[in-house]
Amino acid sequence: MATLLGGLATSHIPAIGNAIAKGWQQEPYWKPFFDGFPPIHRWLEQVRPEVVVVFYNDHGLNFFLDKMPTFAVGAAAEYRNADEGWGIPTLPPLAGCPELSWQIIRHLVASEFDIVTCQEMLVDHACSLPLKLFWPTHEVAPVQIVPIDINTVQFPLPTARRVYQLGRAVGEAIAAWESDKRVLVMATGGLSHQLEGERAGFINKAFDQQFLESMVSNPEWATQFSDLELVERAGTQGVELLMWLAMRAALTRGGAGVRKVHGNYHIPISNTATGVLALECLA
Ligand code: DHB
Ligand code: FE
């Protein structure tokens, strides 16, 4: 059976891609953000994941408002990055893992999740940048990926409770996969931020810190909130923290708990309160 090693999470912000391309990691503005990663790089060298399931939210690239799935699972052999603008070097395509994609799809449908399956899927900064952040010395991350898109763009959003259930089911699918592969789950997005409207620039440090704490010790904490309650507390784009919830739920199978490998929180990068976290499965 496949081994579920643990979970990773990080914020995703297009400006990070620009900072990487320009080599600004040690600049005063960027250093507190990039300094959150080296301890996680060292852990990744030890645990050597081969496949990464990425919970991310498309921002209007592959799905637009006319057709917006609540949950979509990639089942492609490769995923081309087709993000917007900045004039930075184009990132090479990411390798897919169709075998795990279909294992997850079969398990989700059997578990009564009505998902969209995507044998072609363009990915944006929410998928490409985290892989660059966690594997900075590689031209392309040395892993295969299964991207899972969760709608945080057009209301109504899936409830936090439903996202948690989805994450659990994905964890079950990985654990039941007849493979000797070493698998990680990853979340990208959040933490609190709002890009538009009267509250543009809104950040909620107290809420973020409670949420980060819940990731380690009380994974169901955020399932108490409705989509609008999450908007109120975390901002219109802060709802991307639903990805973190799915990642964490995927690690609950077996009930053995997790160990926090490393975490960091830094305000702000662009308009966003940034978080990074690595969790190791204890089973
Ligand atoms: C920013 C944050 C995001 O999550 C995103 O998808 C795009 C931009 C920002 O803070 O600039
Ligand atoms: Fe985003």
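Just give me the residues in region 246-276 being under 18 Å from Lys205 (Cα atoms) and more than 16 Å from ligand 1 (Cβ to nearest atom), in sequence order. Break it down stepwise before answering.
Filtering region 246-276 for residues under 18 Å from Lys205 (Cα atoms) gives 263-276.
Listed by number, the residues that qualify are Gly263, Asn264.
Return the residue satisfying two criteria in turn: it lies in region 33-78 and is part of a helix (DSSP H, G or I) and under 23 Å from Asp180 (Cβ atoms), and of such residues it is farthest from ligand 1 (Cβ to nearest atom).
The residue in question is Gln46.
Does region 102-112 contain any residue that is out of contact with any helix residue (DSSP H, G or I) (no Cβ under 8 Å at 6 or more places or on another chain), β-branched (Val, Ile, Thr), closer than 17 Å to Trp135 by Cα and surrounded by fewer than 19 Cβ atoms within 10 Å (Cβ to Cβ)?
There is no residue in region 102-112 that is out of contact with any helix residue (DSSP H, G or I) (no Cβ under 8 Å at 6 or more places or on another chain), β-branched (Val, Ile, Thr), closer than 17 Å to Trp135 by Cα and surrounded by fewer than 19 Cβ atoms within 10 Å (Cβ to Cβ).
I need the full set of residues from region 114-148 which are of a type in the set (A, V, I, L, M) and within 16 Å of ligand 2 (Cβ to nearest atom), in order please.
Leu122, Val123, Ala126, Leu129, Leu131, Leu133, Ile148
Taking the conditions exactly as written (within 16 Å of ligand 1 (Cβ to nearest atom), at pLDDT 95 or above and under 19 Å from the mean Cα position of the chain (by Cα)), does Leu191 satisfy them or not?
So Leu191 passes the test.
Take the residues of region 174-188 that are buried (at least 24 other Cβ atoms within 10 Å of the Cβ) and more than 16 Å from ligand 1 (Cβ to nearest atom): which is nearest to Val109 (Cα to Cα)?
The selected residue is Ile174.
With the checklist (1) among the β-branched types (Val, Ile, Thr); (2) buried (at least 16 other Cβ atoms within 10 Å of the Cβ); (3) assigned to a loop (DSSP other than H, G, I, E, B) in hand, flag the one item Val170 doesn't pass.
Only one criterion in (1) among the β-branched types (Val, Ile, Thr); (2) buried (at least 16 other Cβ atoms within 10 Å of the Cβ); (3) assigned to a loop (DSSP other than H, G, I, E, B) is unmet by Val170, namely (3).
Within region 79-90, take every residue that is touching a residue at least 12 places away in the same chain (Cβ under 8 Å) and away from ligand 1 (no atom under 16 Å from the Cβ) and give me the one that is surrounded by the fewest Cβ atoms within 10 Å (Cβ to Cβ).
Step one: list which residues in region 79-90 are touching a residue at least 12 places away in the same chain (Cβ under 8 Å), which gives 79-86, 88-89.
Going one step further and asking which of them are away from ligand 1 (no atom under 16 Å from the Cβ), we end up with 79-80, 89.
Details: Tyr79: 23, Arg80: 15, Pro89: 9.
Restricting to residues being touching a residue at least 12 places away in the same chain (Cβ under 8 Å) and away from ligand 1 (no atom under 16 Å from the Cβ), the top hit is Pro89.
The values are calculated or read from the model by the stated rules, or taken from the named source; none is laboratory data. Please read all numbers here as calculations on a predicted model, not as lab measurements. As a convention, Cβ positions derive from the backbone with ideal geometry for all residues, glycine included, and neighbour counts pool all protein chains shown.
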